[in-house]
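Below is one structure, written out as structure tokens; the observations come after it.
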Number of protein chains: 2
Amino acid sequence: MTKSPRIAIDAMGGDEGPRVMIAGAALARHRHERFKFLLVGDEAQIKAALDDHPNLRAASEILHTDQVVTGAEKISQALRKSKTSSMGLAIQALKNGDVSATVSGGNTAVMMAMAKMALRTMPGIDRPALAAFLPTLGSNDVVMLDVGANTIVDTNNLVEFAVMGAAYVRIALGVDRPRTYLLNIGSEDQKGKEEIREAAEILRSLPSDHLDFRGFIEGDKINRGEADVIVSEGFAGNIALKTVEGTARFVTDLLKQAFTSSIRSKFGFLVSRPATELLRHHLDPNNHNGAVFLGLNGVAIKSHGSANVAGVAKAVEVAARLVEEDITARIAQDVARIHGRDKATHD
Amino acid sequence: MTKSPRIAIDAMGGDEGPRVMIAGAALARHRHERFKFLLVGDEAQIKAALDDHPNLRAASEILHTDQVVTGAEKISQALRKSKTSSMGLAIQALKNGDVSATVSGGNTAVMMAMAKMALRTMPGIDRPALAAFLPTLGSNDVVMLDVGANTIVDTNNLVEFAVMGAAYVRIALGVDRPRTYLLNIGSEDQKGKEEIREAAEILRSLPSDHLDFRGFIEGDKINRGEADVIVSEGFAGNIALKTVEGTARFVTDLLKQAFTSSIRSKFGFLVSRPATELLRHHLDPNNHNGAVFLGLNGVAIKSHGSANVAGVAKAVEVAARLVEEDITARIAQDVARIHGRDKATHD
């Protein structure tokens, strides 16, 4: 049995504001008629954006507020708007059970703080982690976490991130025993920081029926398709995620320059266009949009601030999928299993 | 006046051993006849490799040892071979003034430890940093440091890295006031870790005639050509460096797949080949080879373990350039200037 998800959309988050957020929700709704929405933000702007999407309007309720969280806002300042801003109200709706997931394209750090405060972390989880998909040479994307929620972590945080990341991949990609690695600056046992080496030892000792721990992975192997889950603290994880995005854009920009450098190469480009379009599609961050705060009592999804309509739709679909698959309960089960085993070992 | 550099080559470092190291030195010597060499390692293997390079043989002396440092070796274990291994002897030769630079393609962490122990850090520098070049969309490469020497740093280490990185770019690329950034997970003032925010404050207060501090940069902007120097602690810096390399390879692999996916795209590929060859050349890590340990009393250059002949030659040329430009003295001057000013401010 699956639930029919109702999803809160922070209509004011994202660089482009309501127009893109609403059009993205409409596209997702167009593909999945069972989705329902709570659209949070400036009513006049939301109504105007809905004019183009009668299909979405019929499935939506509007929750008005004229307060927003801005991109550059300090967390302490933004948190004062926890119950008045569009982001804050969208998260409150999730807390109160009015919706079963929330999607926002707003400030990541503020969303993390608001979601953590309102939803609380799951039993057995010390800190939530932000998990994002990245493209690979393999048949599946790889999940990287944490990509920015926690800049300082300890051994147990890393172990919990690994367990949550593996549970997420099992649900989102249907992989039974996700190949799980710790991001490090060398693949030998003695490399890197102490907490990473200790986390590796613990992960090696865990039952491997739900998580296939494979050791350390370096930055140059992220996209090879060898890993399903890559675990890191949030600083290096964020750097890695953005460096992948930036370098992919850099190389395709260079390619464009190369292709337009002569008449001959322009001609070759036109001929091979269908092939390079496939490449562009595969690398487009919009096709991997929808980062998840794992470890909270509720499904909170971060859409890229610069996501386009297709990207927002993708984030909404991730939200719906995770609700339907009951990710929160399934992660809680996995964490309980690990802690049970932990207890059995250490008691 | 320029010195005629004599360079020690750890002939046994690098994944391919003497053949590639010797051929790389020969290529560099072919381009710059003033270079002289001390080739350190197994004499029989070096002599065999020299058979193909009479030009190099005439300019070289061989220092025999049958001990080597291996890739997976623990630092403590490897350090016992500081005065007997090819890497150790090549560094000792630099310490004793027998050569003016040392190039090795061996284990980075071991090279760092040996070089630091033998050469010591410059006056006023707490820790050396490993600096590497990366390609950009702009006309110059960008220097990133630290890319793996120090996984834990404090505020002053980051400030010193910035000063050394800027001095390096002035010498290596001829840029007067290098645009210098701190790698961070957000561009706003309050983002990231405390030591990064504090380092930003200090860098803003330094005299800007030799270093143009521009604030924070994120992983997705590394290659845009906006930065001449990017400063980080060694963990995230290493992750960023390798992620750039890995993602560039990933995208060109995808491109190859795309181009061979149909007869039509294969034809287009053949037509545009000169353009894509330029791209490949620009992205090839061999063309950016030669990472420098900045902050030591001597020029120690790390060549990529997997560098090819052209890559090793590039590393040798970096070594020669830095000797001829007297980088050690020039960095010492810059550090003294900063510390003088520091004193004036705080006294």
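Okay, here's what the table says:
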| item | result |
| --- | --- |
| Cα-based reach from B:Lys47 at 12 Å (exclusive), listing aspartates and glutamates while leaving out same-chain residues under 8 positions away | B:Glu61 |
| Cross-link table B:Lys95/B:Lys221; A:Lys191/B:Lys193; A:Lys81/B:Lys242, entries beyond 31 Å C-alpha to C-alpha | B:Lys95/B:Lys221; A:Lys81/B:Lys242 |
| Paramagnetic reach from A:Asp51 (point 7 Å along Cα→Cβ, amide N under 16 Å) across the range A:1-43 | A:18-20, A:22-23, A:43 |
| DSSP-assigned coil residues among GluC sites (Glu not before Pro) in the range A:120-212, each with at most 16 further Cβ atoms within 10 Å | A:Glu188 |
| Calculated over chain A: convex hull of Cα atoms, volume per residue (Å³) | 152 Å³ |
| At least 40 Å² of accessible area lost relative to the chain alone, listed for the range A:264-305 with a 1.4 Å probe | A:Arg264, A:Val271, A:Ser272, A:Ala275, A:Leu279 |
| Inter-site label distance for B:Arg330 and B:Ser139 at 7 Å from Cα along Cβ, in nm | 1.8 nm |
| Inter-part distance where the range A:80-125 and the range A:196-264 are each reduced to a Cα centre, Å | 28 Å |
| The protein assembly as shown, accessible surface, carbon-and-sulfur percent (1.4 angstrom probe) | 49 percent |
| Highest-MSF residue in chain A out of A:Gly97, A:Gly24, A:Gly215 [GNM, Cα springs under 10 Å] | A:Gly97 |
| Nitroxide proxy distance, nm - points 7 Å out along Cα→Cβ at A:Arg19 and A:Leu270 | 3.2 nm |
| Positive-end residue, the range A:64-109 charge dipole about Cα centroid, Cβ charges, pick of A:Thr102, A:Met87, A:Ala72 | A:Ala72 |
| Accessible surface, 1.4 Å probe, highest first, among residues B:Met21, B:Met12, B:Met117 | B:Met117, B:Met12, B:Met21 |
| Hits among lysines - C-alpha to C-alpha of B:Lys266 under 24 Å, sequence gap 8 or more where chains match | A:Lys256, A:Lys266, B:Lys256 |
| Per DSSP, loop GluC sites (Glu not before Pro) in the range A:29-120 with at most 10 further Cβ within 10 Å | A:Glu33 |
| Estimated buried accessible area (total), pair A and B, 1.4 Å, Å² to nearest 100 | 5100 Å² |
| DSSP beta bridge pairing in the protein assembly as shown, given as percent antiparallel to the nearest 5 | 25 percent |
| Average Cα contact separation per residue, the range A:120-265, under 8 Å, 6 or more apart, as relative contact order % | 32 percent |
| The range B:233-347, relative contact order [Cα under 8 Å, separation at least 6], % | 16 percent |
| Mean separation of Cα contacts under 8 Å (6+ apart) over length of the range A:1-103, as relative contact order % | 35 percent |
| Qualifying trypsin sites (Lys or Arg not before Pro) for the range A:61-139 [loop in DSSP, other Cβ within 10 Å: at most 15] | A:Lys74, A:Arg80, A:Lys83, A:Arg120 |
| Average accessible surface area per residue within the protein assembly as shown, 1.4 Å rolling probe, Å² | 40 Å² |
| Nearest-20 debye value, chain B charge dipole, Cβ charges on Lys, Arg, Asp, Glu | 660 debye |
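The values are calculated or read from the model by the stated rules, or taken from the named source; none is laboratory data. The shown structure was predicted, so the numbers you read here are calculated from the model rather than taken from an experiment. Every residue, glycine as well, gets a Cβ built from its backbone with ideal geometry; the counts of neighbours run over all protein chains shown. The protein model used for the area step is the full one, side chains on, heavy atoms only, and it has no ligands, DNA or RNA in it. Shrake-Rupley method; radii C 1.70, N 1.55, O 1.52, S 1.80 Å.
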